[in-house]
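Quick one: the structure is below, questions incoming.
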Amino acid sequence: MEPSDFSLGVKGALYPDRRGMNTRLRGQLEMNISFVLPPVLELVLTSLVENVKHKVHGSLLAR
């Protein structure tokens, strides 16, 4: 992968959730994002990317 490239992978399932008179669409999703940072940005943004990853992961687990 070049620094200008990225990869996005998404897989999951949607299914109806029927409870009494109400029907909702529920689902599960797995998303993978891969990218290469240019060397200069890698030094600056590595901790920022890790921080965002932990916050997103934590908010998804809290649901």
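The values are calculated or read from the model by the stated rules, or taken from the named source; none is laboratory data. Please read all numbers here as calculations on a predicted model, not as lab measurements. With ideal geometry, Cβ positions are generated from the backbone for all residues, glycine too; neighbour counts draw on all protein chains shown.
Could you give every pair whose Cβ atoms fall below 9 Å, whose first residue belongs to segment 9-35 and is under 19 Å from VAL52 (Cα atoms), and whose second residue is in a strand (DSSP E or B) and basic (Lys, Arg), counting only separations of at least 6 or pairs across chains?
LEU29/LYS11; GLU30/LYS11; MET31/LYS11; ASN32/LYS11
Can you give me the number of residues within segment 1-13 that are surrounded by 10 or more Cβ atoms within 10 Å (Cβ to Cβ) and part of a strand (DSSP E or B)?
Count: 2.
For LYS53, state whether it is charged (D, E, K, R) and at pLDDT 90 or above. Lay out the reasoning, then the answer.
On the way: charged (D, E, K, R): yes; at pLDDT 90 or above: no.
No.
Would you tally the residues in segment 18-63 being charged (D, E, K, R), more than 11 Å from the chain's Cα centre (by Cα) and closer than 22 Å to ASP5 by Cβ?
So the answer is 2.
Just one of the numbered conditions (1) surrounded by 10 or more Cβ atoms within 10 Å (Cβ to Cβ); (2) part of a strand (DSSP E or B); (3) acidic (Asp, Glu) is not true of GLU50; which one?
Just one mismatch for GLU50, condition (2).
Is it the case, given these coordinates, that GLU30 is among the acidic types (Asp, Glu) and not in a strand (DSSP E or B)?
Details: among the acidic types (Asp, Glu): yes; not in a strand (DSSP E or B): no.
So GLU30 does not fit the description; no.
Quickly run through segment 6-25 and pick out the residues that are more than 20 Å from VAL56 (Cβ to Cβ) and either in contact with a strand residue (DSSP E or B) (Cβ under 7 Å, 6 or more places away or on another chain) or modelled with pLDDT of 95 or more (or both). Please lay out each step first, then the result.
Within segment 6-25, the first condition is being more than 20 Å from VAL56 (Cβ to Cβ), and the residues that meet it are 13-25.
ALA13, LEU14, TYR15, PRO16, ASP17, THR23, ARG24, LEU25, listed by residue number.
So which residues in segment 25-43 are more than 20 Å from VAL10 (Cβ to Cβ) and surrounded by fewer than 10 Cβ atoms within 10 Å (Cβ to Cβ)?
Once the filter is applied, which keeps residues that are more than 20 Å from VAL10 (Cβ to Cβ) and surrounded by fewer than 10 Cβ atoms within 10 Å (Cβ to Cβ), segment 25-43 yields PRO39, VAL40.
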